[in-house]
Amino acid sequence: MPDEISHAKRDDRLEESRRLRLSQTFDEDAELYDRARPGYPPEMYEDLAEFAGARPGSRVLEVGCGTGQATVPLADRRCRITAVEAGPSMAAVARRNLDGAAGVEIITSDFESWPLPEDLFDVVFAATAFHWIDPAVRIVKAAEALRPGGTLAVVRTQHVSGGTEEFFIEVQRCYERFDPDTLPGTRPPAAASVDGSDHAQEVARSGAFGPTVSCRYEHDLTYTTSEYLEVLQTYSGHRALPEAAREGLLGCIASLIDGRYGGQVTKRYLIELAVAHRR
């Protein structure tokens, strides 16, 4: 038993080290991230208002705002926003994008060590960022930041089957060639098969929140070859590859899109909004 425990602790440390290393890659090219990363569909913000209470005048704490892809629409809806972003370059771009927006503050800090203010928030919101926060901290601290009845709203994004489906089958050969972590035969999952219950279970285990309610949105975006390569270069797994492998992978993908798909492909995204109210 002691050996099993020591192995488990070592595995946890390795996973934590990997999480930190990958999370830091986004700040390496904040301008590219801001230019290439897609935003979120308008109906998501409607649901944030209806189910999470992100309405004009509400106090929103955004965790991991990046360069402000979700912050700007929330500011346009006249939410009062405190946005915490660990990457200094990302935070700088977010400040530029939110320049002139009333009631918005961008703080450069990791969420884990940032001291919570005395005034509680109506909504704690994270858009494709919550999974980068330390699992031992994220739910507990989100609960501490919220007033009773306040809302934790977490957005997760995943690539699912759809769009130019044949391309996403063929492109796996490029990944198998240049990324040793790629499992042979990997395919994007069907949206219906994506199970978001792990987040709901984590929230439930905390005992601080009521049941989690989810909304889902599927949308397709079409990219030229250069646009698609830019998107890929904002993904942590791609950025973490050795330079030679990364360049080989991107070249292989570019050749495939240009040679067989007329210089453009369509990618389908599944966006899930999970909402839970503070007890």
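Every read-out reported here was derived from the displayed coordinates using simple, explicitly stated rules and does not represent laboratory data. This is a predicted model, so every value here is computed, not measured. Methodologically, a virtual Cβ is constructed for each residue, glycine included, from the backbone with ideal geometry; neighbour enumeration extends over all protein chains shown.
Some points to look at:
- Inter-probe distance in nm under a simple model that places probes 7 Å from Cα toward Cβ, at ARG173 and VAL140: 5.0
- Packing around the peptides 226-235, 268-277, 153-162, 191-200, taken as the average count of other Cβ atoms within 10 Å per residue, puts them in this order, highest first: 268-277, 153-162, 226-235, 191-200.
- Axial C-alpha extent at least 24 Å, average Kyte-Doolittle at least -0.5 - helices from the chain (DSSP): 243-260
- Rounded to the nearest 0.05, the FRET efficiency derived from the C-beta distance between ASP195 and ARG78 at R0 = 30 Å is 0.25.
- For the chain, a simple Cβ point-charge model (Lys and Arg +1, Asp and Glu -1, everything else neutral) yields a dipole of about 440 debye relative to the Cα centre.
- Treating r as the C-beta distance of LEU183 and GLU46 and R0 as 41 Å, the FRET efficiency rounds to 0.65.
- Over the chain, dividing the summed -39,500 (n - 2.57) contributions of all DSSP H runs of at least 4 residues by the number of residues returns a 222 nm mean residue ellipticity of -11500 deg cm²/dmol.
- Spin-label zone in the range 176-206 - amide nitrogen under 19 Å from a point set 7 Å from the Cα of ALA244 along the C-beta vector: 176-182
- A straight chain from GLN264 to ARG279 at 0.36 nm per residue would run longer than the Cα-Cα distance by 0.6 nm.
- Counting neighbouring Cβ atoms within 10 Å and putting the fewest first, the residues GLU166, GLU243, GLU62 line up as GLU243, GLU166, GLU62.
- Full-stretch length increase - SER255, LEU120 - with 0.36 nm per residue and alpha-carbon distance subtracted: 43.4 nm
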